[in-house]
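Data first, discussion second: the structure below is written as structure tokens.
The values are calculated or read from the model by the stated rules, or taken from the named source; none is laboratory data. Bear in mind the structure is a predicted one, so any value in this text is a computation, not a measurement. Here the Cβ is made from the backbone with ideal geometry for all residues, glycine too, and neighbour counts use every protein chain on show. All accessible areas refer to the heavy atoms of the entire protein, side chains included, with ligands and DNA or RNA removed. Shrake-Rupley method; radii C 1.70, N 1.55, O 1.52, S 1.80 Å.
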Amino acid sequence: WYLRRVREAVVSTQSTGQEERLTALEKKKADRKDANQSYDLIVAFQGKFNTLKAAIEADLGSLPALGSDVEKREMLSGVQVQAGQLQILLNESMTFLTPHEIRRGQDGVTAVHHAIARAQQECLPRKKFAFGGGKKKRTTAPPAPVVVAAPVGEEGDRFSKYSGDVVVTDRTSETLHISRDQTTGKDVLLRNLVSCTVHIPGVLGTLHCTNCTNCTFIIGVISGSLFLERCSKSTFTVTCQQARIHTTEDATFYIHVTSKAIIEDCKGLRFGERKEAGYEGYLEDLSASGLGEKNNWSDVDDFNWLNKEQSPNWTTI
């Protein structure tokens with residue numbers, strides 16, 4: 001009886017060990033299969049992304065040779081659609097891309113948007129509205145915006161080469177209302193603002209915000225991207241397709257974003273869902289922009305924190 005029990009125990013142990021080995025082997029095979037599938041997906045994404053990006057760059061390169069402004073506008077319109085497709089391709093691929101690939105993709109999309117803006121300024125220059133911080137003349141009606149070149153970026157600015165259609169710069173302790181007539185579809189640059197409240201309704205093209213402190217921003221809908229750098233102690237209420245936030249600290253975002261917000265070299269950021277419109281007509285602007293109801297306000301990628309644990313640089317509210 002005793003020997004029989006011993007033999008049974010040995011057989012049971014061997015059987016259990018064999019089952020565990022088989023399970024481990026199957027897991028390795030599954031992991032290897034998943035890795036191969038992910039690799040194939042990444043390779044396919046890179047091919048599609050690079051092909052579309054190259055097509056956009058080729059179209060932009062041929063833009064100056066077109067004979068009429070009508071042809072140039074049609075070309076730019078098509079390129080902007082392609083740029084949107086590029087962003088959508090990246091958004092839909094984020095589930096299997098590595099953080100490094102996501103960063104490269106976002107940098108590629110950003111480069112395309114900047115290239116489109118430069119091409120538009122060179123081939124189809126639009127009137128620039130600039131709101132400076134100089135002395136104002138007394139008039140019975142608000143003074144017309146002064147047409148000047150956009151300010152040159154300071155050393156260290158990530159977006160220093162950017163020039164907007166609408167430029168608001170060097171203002172302190174003011175409440176600024178910029179009408180939708182001036183900003184619809186335009187690229188807006190906010191720079192060097194201190195203790196200001198800024199209202200911008202409507203559907204913007206892009207928004208760059210640089211070196212702003214202790215400000216409140218109530219922005220409508222940005223059909224493209226929000227680019228933010230060197231801002232602090234400020235609150236942003238904004239809707240956009242993508243948000244790129246750099247070297248910013250102690251800031252609060254009530255945001256509606258259709259792709260992930262991306263932060264880098266930031267700390268003390270707080271993200272909450274945009275629930276307040278902020279102005280009459282916001283819902284109509286949201287519908288017109290085509291961004292829809294999808295809101296990834298709590299899905300934030302921190303390029304300085306690649307661990308699985310929550311980044312210490314941002315939190316939800």
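Structure notes:
- Highest average packing first - 168-180, 56-68, Cβ atoms within 10 Å: 168-180, 56-68
- Our summary of shape: the Cα atoms of segment 214-265 have principal axis extents of 25, 22, 12 Å, ordered from largest down, in whole angstrom.
- Residues of segment 264-282 with amide N under 13 Å of the 7 Å Cα→Cβ point at T316: 271-274
- Extending 7 Å from the Cα toward the beta-carbon at both A65 and K233 defines two label points whose distance is 5.4 nm.
- Computed over segment 194-262: relative contact order in percent, which uses C-alpha pairs under 8 Å that are six or more apart: 26 percent
- Accessible-area composition of segment 206-281, carbon plus sulfur, in percent [1.4 Å probe]: 42 percent
- With a cut-off of 13 Å between beta carbons, the residues surrounding R180 carry a summed charge of -3, where Lys and Arg count +1 and Asp and Glu -1.
- Mean Cβ neighbour count within 10 Å, used as a protection proxy, ranking 211-223, 282-294 highest first: 211-223, 282-294
- Dividing the mean sequence gap of close Cα pairs (under 8 Å, 6+ apart) by how many residues segment 264-317 holds gives a relative contact order of 66 percent.
- Model label points for K308 and S195, set 7 angstrom from Cα along the Cα-to-Cβ axis, are 4.8 nm apart.
- Peptides 235-246, 188-199 ranked from most to least packed by the mean count of surrounding Cβ atoms within 10 Å: 235-246, 188-199.
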